[in-house]
Amino acid sequence: MQRFIGLLVISLMILNAQAQDFNALKKKIEANLPSPSGGLSEKEVAAGLKEALTKGVETGVARLSKPDGYFKDPQIKIPMPKEAREVESKLRSLGQGKKVDEAVESMNRAAEDAANAAKDLFVTAIKNMEISDAISILKGNDDAATNYLKKSTRTSLEKKFEPNIKASLEKVDATKYWNTVFGTYNKIPFVNDVNPDLEKYVTQKAIDGLFVQVAKQELEIRKNPQARVTDLLKKVFE
């Protein structure tokens, strides 16, 4: 019995030594494996990601600020608000569809006109990003950067964007078309007056569209090697 116990102790000691050797070998191998970002430092990875996001934002905003950037994109085109769908339906049934179309187009033109105002706020948020945030984004889902920007800029963007939207609404006569639509509807006998907040509505929808476009650009850089236009981007996303 004592001999058996002795053999058992010796066996356990051998197994433990082998396990320690294996762990040491594993660590040695892992230390010599290439990193997922081509051996770049965390600082370089963060710089590359910030560069990618900045280019993505600039490209996305540039597309939205062109004519039809919102209006001809079914994914982000700004429709009449939900509470005004009855207004739209009623006016179209009365042959006033042109007034509705003018109001819808003018809201989208205002969003296009104001889009550039968002770029500086996005870029500032990107520059202020911590290295740890950048690393997490790089390892995250395909929309991780977009979600980061939503969390860090949405409130500030709403405050900054609404005055620009207001000015753009006036510039493209959206306010006039809006007032015409709801003024016409509210004069119809036996209907309840409807008059949604134009500036707030267009601001929210315009910002929603901005993030949709930013997400498209993020996905493009992650998935399409040709979208990585600098050596650093190629190394970070290889």
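The values are calculated or read from the model by the stated rules, or taken from the named source; none is laboratory data. The model shown is predicted, which means the values in this text are computed figures rather than measured ones. Here the Cβ is made from the backbone with ideal geometry for all residues, glycine too, and neighbour counts use every protein chain on show. Protein only, heavy atoms only, side chains kept; ligands, DNA and RNA dropped before computing areas. Shrake-Rupley method; radii C 1.70, N 1.55, O 1.52, S 1.80 Å.
At a probe radius of 1.4 angstrom, the accessible area of segment 89-131 per residue rounds to 47 square angstrom.
Between ARG92 and LYS66, the C-beta separation translates, for a Förster distance of 25 Å, into a calculated FRET efficiency of about 0.30. With both labels modelled 7 Å from their Cα along Cα-to-Cβ, the GLU220 to ILE135 distance reads 3.0 nm.
Against the globular-protein guess of 2.2 N^0.38 Å, express the Cα radius of gyration of segment 45-143 as a ratio, rounded to two decimals. The partial results should precede the final answer.
Details: Rg = 18.8 Å, N = 99, 2.2 N^0.38 = 12.6 Å.
Cα Rg divided by the expected 2.2 N^0.38 Å: 1.49.
Between ASP120 and LYS200, the C-beta separation translates, for a Förster distance of 25 Å, into a calculated FRET efficiency of about 0.70. If you take the alpha carbon atoms of segment 69-206 and fit the smallest convex hull around them, that volume is 115 Å³ per residue.
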